[in-house]
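Asks: Quick one: the structure is below, questions incoming.
The values are calculated or read from the model by the stated rules, or taken from the named source; none is laboratory data. Given the structure is predicted, the values throughout are model-derived calculations rather than measurements. Methodologically, a virtual Cβ is constructed for each residue, glycine included, from the backbone with ideal geometry; neighbour enumeration extends over all protein chains shown. Note: accessible area is taken over every heavy atom of the protein model, side chains too, but ligands, DNA and RNA are not part of it. Shrake-Rupley method; radii C 1.70, N 1.55, O 1.52, S 1.80 Å.
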Amino acid sequence: MSPQEILNILELEYPNPDSELDHKSVFELLIAVTLSAQATDVSVNKVTPALFEAYPDVFALAKADIKEVASLIRTLGLYRNKAKYIVEASKMLVEEYEGVVPNNRDDLMRLPGVGRKTANVVLAVGFNQPAIAVDTHVERVTKRLGWASESASVLEVENVLMSKFDRRDWAKAHYLLLLFGRYHATARNKQDVYLLLNQLKEKHTR
């Protein structure tokens, strides 16, 4: 089964793949993705409405008291660190980028709390740029497909995926593999991924 065939099957299951993190701007996306580290999208979506109501833009969050921010996101793991990161990132955006989220990986990764995965999500989702963010779901699916060894690093998985798909499909591949890993090829479901893919194919071609 070729990489393109796999994408075609997953597109039948998820015809309009998109981030499941609620956001109304690239800035809100950046904050939501930062908060999503070691947390589910569902749990992040529960805290961001109150957070963005209290701090509706980058300028407000840059002036926020870290303890007050922490109290708004305390249901998330590592919430104290995350509160510090998002306030400090907001300050840097205001001081060095005129409050605008940069649209390139190097500048994004300068922001506190922003690693390569977060930067790639912002590029793909927020700016519609070709990028593949490797989270636990994408990594699991890639390794179960046999495209990368179990010992492969996140960066090695990202490079494998970039070589498997056309550049124009990178962002879409990220979405589709993530959703497939989240809802079908889960950590608990040890079924062969190719069997799961064939089941999805049959489901949509009956």
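Asks: I'd like the residue in the range 125-171 that is among the β-branched types (Val, Ile, Thr) and part of a loop (DSSP other than H, G, I, E, B) and, out of all such residues, is farthest from Leu35 (Cα to Cα).
Replies: Among those residues, the one meeting the criterion is Ile132.
Asks: What's the number of the only condition in (1) more than 26 Å from Arg182 (Cα to Cα); (2) open to solvent by 60 Å² or more (accessible area, probe 1.4 Å) that Asn81 fails to meet?
Replies: Among (1) more than 26 Å from Arg182 (Cα to Cα); (2) open to solvent by 60 Å² or more (accessible area, probe 1.4 Å), the lone unmet condition for Asn81 is (1).
Asks: If you don't mind, another one. Select from the range 187-197 the residues that are assigned to a helix (DSSP H, G or I) and free of Cβ contacts under 8 Å to residues at least 60 places away in the same chain and write down the one among them that is surrounded by the fewest Cβ atoms within 10 Å (Cβ to Cβ).
Replies: At the first step, the residues of the range 187-197 found to be assigned to a helix (DSSP H, G or I) are 193-197.
Now narrow it down to the ones that are free of Cβ contacts under 8 Å to residues at least 60 places away in the same chain: 193, 195-196.
Working: Val193: 21, Leu195: 9, Leu196: 18.
The extreme case among them is Leu195.
Asks: Between Val101, Val122, which is part of a loop (DSSP other than H, G, I, E, B) and open to solvent by less than 50 Å² (accessible area, probe 1.4 Å)?
Replies: Working: Val122 fails: part of a loop (DSSP other than H, G, I, E, B).
Just a single option satisfies the conditions, and that option is Val101.
Asks: A further question follows. Just checking, how many residues over the range 13-42 are closer than 21 Å to Val138 by Cβ, open to solvent by less than 30 Å² (accessible area, probe 1.4 Å) and either in a helix (DSSP H, G or I) or modelled with pLDDT of 95 or more (or both)?
Replies: Final tally of qualifying residues: 7.
Asks: Specify which of the listed residues (Lys164, Lys201) is farther than 14 Å from Arg140 by Cβ, at pLDDT 90 or above, open to solvent by 60 Å² or more (accessible area, probe 1.4 Å) and out of contact with any Pro (no Cβ under 8 Å at 6 or more places or on another chain).
Replies: Just one listed residue meets the conditions, Lys201.
Asks: Could you list, in sequence order, all residues of the range 104-113 that are surrounded by 18 or more Cβ atoms within 10 Å (Cβ to Cβ) and either of a type outside the set (A, V, I, L, M) or over 12 Å from Leu29 (Cβ atoms) (or both)? So that I can check it myself, show each step before the final result.
Replies: Initially, the range 104-113 is screened for residues surrounded by 18 or more Cβ atoms within 10 Å (Cβ to Cβ), giving 108, 111, 113.
Of everything in the range 104-113, those that are surrounded by 18 or more Cβ atoms within 10 Å (Cβ to Cβ) and either of a type outside the set (A, V, I, L, M) or over 12 Å from Leu29 (Cβ atoms) (or both) turn out to be Leu111, Gly113.
Asks: Also, I was wondering about something else. Restricting the first residue to the range 45-65 and requiring it to be farther than 21 Å from Thr75 by Cβ, which pairs with a second residue that is part of a helix (DSSP H, G or I) and of a type in the set (Phe, Trp, Tyr) meet a Cβ separation below 8 Å and a spacing of at least six or different chains?
Replies: Asp57/Phe27; Val58/Phe27
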